[in-house]
Amino acid sequence: MTHSQILRRLGLADQPLGVAIGSRYSVGDGPAIPTYSPIDGAVLASVGSARSTEVDSATYAARDAFHRWRMVPAPARGELVRRFSLVLRDHKEVLGALVTLEVGKIRAEAEGEVQEMIDVCDFAVGLSRQLYGKTIQSERPDHRLMEQWHPLGPVGVISAFNFPVAVWAWNAALALVCGDPVVWKPSEKAPLCAFACHCLLQSVVASYDLAPDALSCVVNGGREVGQSLAASHDLPLVSATGSVAMGRSVGQVVAGRLGRSLLELGGNNALIVTPTADLDLALKAITFAAVGTTGQRCTTLRRLIVHYSIKDALVDRLKRSYDTIKIGDPQEEGVLIGPLIDEDAAVMMVHSLKEARAQGGTVYGGERLVEGMPSGAYVHPAIVEIRHDAPVVHKETFAPILYVMTYDDFEEAVAVQNEVPQGLSSAIFTGDVCEAERFCSASGSDCGIANVNIGTSGAEIGGAFGGEKDTGGGRESGSDSWKSYMRRATNTINYGHALPLAQGIQFE
Ligand code: SIN
């Protein structure tokens, strides 16, 4: 499929792109932002952007849509999401091709991302009949005490380039069944993916008579657009995925108006390999987690904490495995590592490797690959043997750099795993059930995700996704994450003829 065929099949060829408020598309009054393919640096499109007045128009329209959508029964809201999941199934390949083109993911991972959208839609459809509240035993005679969950209001979604379609879907599928429209500010590095998702959803909205038009809005743009969303009183919840700096700023603005924010920020994910680990399994998991998506997942493995007795053998095998991985155009069969998103990412990788050397690290790999490559930022993934407390190890560099450090006893390994500011994902490879349980216990990993004998990345949608500390504390996707998208009302109903007060208080 050519670039223009992809855009045409996704409904993007004939629309002005920049701002979409339901079925109304415009280029927006903000500056045009070119979007490039990281594969070869080619300009894919020049996409417009929103001014703050247009962000306001989108949030007003979403609020109007909310007033109608909240009255539609939740299972009927689920029907919209079910129909959307069918459209996604029909467009899995072409939407995956756009993800590859716009952010450089290899085909399998790009289509996997669309599959994740389908999965979360299916999850949300089931959820639309299960937004349960509790009935609580009242201490008063002839009283019923219960909780109801009601729609919250329009949800602002700010997403990053690395998951340009799935993260929106994690939020949107849940928000829609919970009764909330969505106003989306995608990464300005991946606006085409956002408008493609919007067009696909809009095709379903247009043919569903219960659905108001502005259930979905997209406002492209940079920091100012994100700040306008964060400041908008029309958005009781803002869900933001990206850097810690971005999350801190959005979180403060939202908190300033006493809104809710759901933050999924940086990770500095570690994997512990113990002497009883199955090393074949560990090797595969480490490789996928460290170099998959060219090291640009929030859950990418960044720190490998290995027992000193097996470090040399494991690092040796890892280097050999890295040497055989095919790097190049992600559209090509057999390629496992595509380009970094842009030149800035390559510069940051070079800078971190320089810092690592200056802090006593020994670097293997990490070179820029030019020969035989298209003109994107292609790099060899790096393995860096370094002290666990070197400052560079404690920051997240969004690139395929794996820091390797050793440990002697189990408690020390857990302490090293927990010593960084971020707390997203973690894993242990061990054959010892006690170590596995201790790692998952209250005194084990302090992350939102703690895995045993699988890597740090590649989460399933059924679990709640997110992390602690600088990762922001938010949870998206499965389990009971839906509760963030609703408001809880506690109802006490007196069906008697007296007015007993709680705690036995007499007031007469
Ligand atoms: C992410 O890392 O951002 C997505 C989830 C995952 O791959 O585990």
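Please treat every number below as a calculation from the coordinates, not as lab data. Since the structure is predicted, the reported quantities are computational estimates derived from the model, not experimental observations. Positions of Cβ are generated from backbone atoms using ideal geometry, with glycine treated the same way; all protein chains shown enter the neighbour counts.
Quick rundown of the values:
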item	result
Among residues of region 1-21, those that are of a type outside the set (Val, Ile, Thr), under 25 Å from residue 60 (Cβ atoms) and not in a loop (DSSP other than H, G, I, E, B), counted	1
Count of residues meeting criterion [within 16 Å of the ligand (Cβ to nearest atom) and either over 22 Å from residue 432 (Cα atoms) or out of contact with any helix residue (DSSP H, G or I) (no Cβ under 7 Å at 6 or more places or on another chain) (or both)] in region 261-274	8
Qualifying residue in region 299-308 (condition: in contact with an Asp or Glu (Cβ under 7 Å, 6 or more places away or on another chain) and exposed (fewer than 15 other Cβ atoms within 10 Å of the Cβ))	yes
Some residue of region 185-207 being within 23 Å of residue 150 (Cβ to Cβ) and aromatic (Phe, Trp, Tyr)	no
Of all residues making up region 461-496, the number that are assigned to a loop (DSSP other than H, G, I, E, B), in contact (Cβ under 8 Å) with a residue 40 or more places away in the chain and not polar (S, T, N, Q)	12
Selection within region 425-444 - part of a loop (DSSP other than H, G, I, E, B) and either within 15 Å of the ligand (Cβ to nearest atom) or surrounded by fewer than 18 Cβ atoms within 10 Å (Cβ to Cβ) (or both)	431, 432, 441, 442, 443
Residues within region 405-422 that are touching a residue at least 24 places away in the same chain (Cβ under 8 Å) and either among the charged types (D, E, K, R) or more than 18 Å from residue 390 (Cα to Cα) (or both), tallied	3
In region 477-489, the residues that are over 17 Å from residue 235 (Cα atoms) and within 17 Å of the chain's Cα centre (by Cα)	477, 478, 479, 480, 481
Boolean, residue 277 is within 16 Å of the ligand (Cβ to nearest atom), on the phi < 0 side of the Ramachandran plot and either buried (at least 21 other Cβ atoms within 10 Å of the Cβ) or within 20 Å of the chain's Cα centre (by Cα) (or both)	no
Flag for residue 288 being within 16 Å of the ligand (Cβ to nearest atom), over 18 Å from residue 397 (Cβ atoms) and within 21 Å of the chain's Cα centre (by Cα)	yes
Output for region 201-227, where each listed residue is more than 19 Å from residue 179 (Cα to Cα), crowded, with 24+ Cβ neighbours inside 10 Å and of a type in the set (S, T, N, Q)	220
Selection status of residue 148, out of contact with any strand residue (DSSP E or B) (no Cβ under 9 Å at 6 or more places or on another chain) and either crowded, with 24+ Cβ neighbours inside 10 Å or not small (Gly, Ala, Ser) (or both)	no
Tally, over region 455-491, of residues that are touching a helix residue (DSSP H, G or I) at 6+ places or on another chain (Cβ under 6 Å) and not small (Gly, Ala, Ser)	8
Selected residue [free of Cβ contacts under 8 Å to residues at least 40 places away in the same chain and either buried (at least 18 other Cβ atoms within 10 Å of the Cβ) or in contact with a helix residue (DSSP H, G or I) (Cβ under 8 Å, 6 or more places away or on another chain) (or both)] from 57, 46, 52	57
Number of positions in region 311-329 that are within 16 Å of residue 292 (Cα to Cα), in contact with a strand residue (DSSP E or B) (Cβ under 8 Å, 6 or more places away or on another chain) and in contact (Cβ under 8 Å) with a residue 12 or more places away in the chain	6
Every pair of residues 6+ apart whose Cβ atoms lie under 7 Å, when the first sits in region 117-141 and is touching a residue at least 40 places away in the same chain (Cβ under 8 Å) and over 27 Å from residue 493 (Cα atoms) while the second is among the β-branched types (Val, Ile, Thr) and surrounded by 15 or more Cβ atoms within 10 Å (Cβ to Cβ)	117/165; 119/461; 120/461; 121/81; 123/461; 124/81; 124/177; 125/81
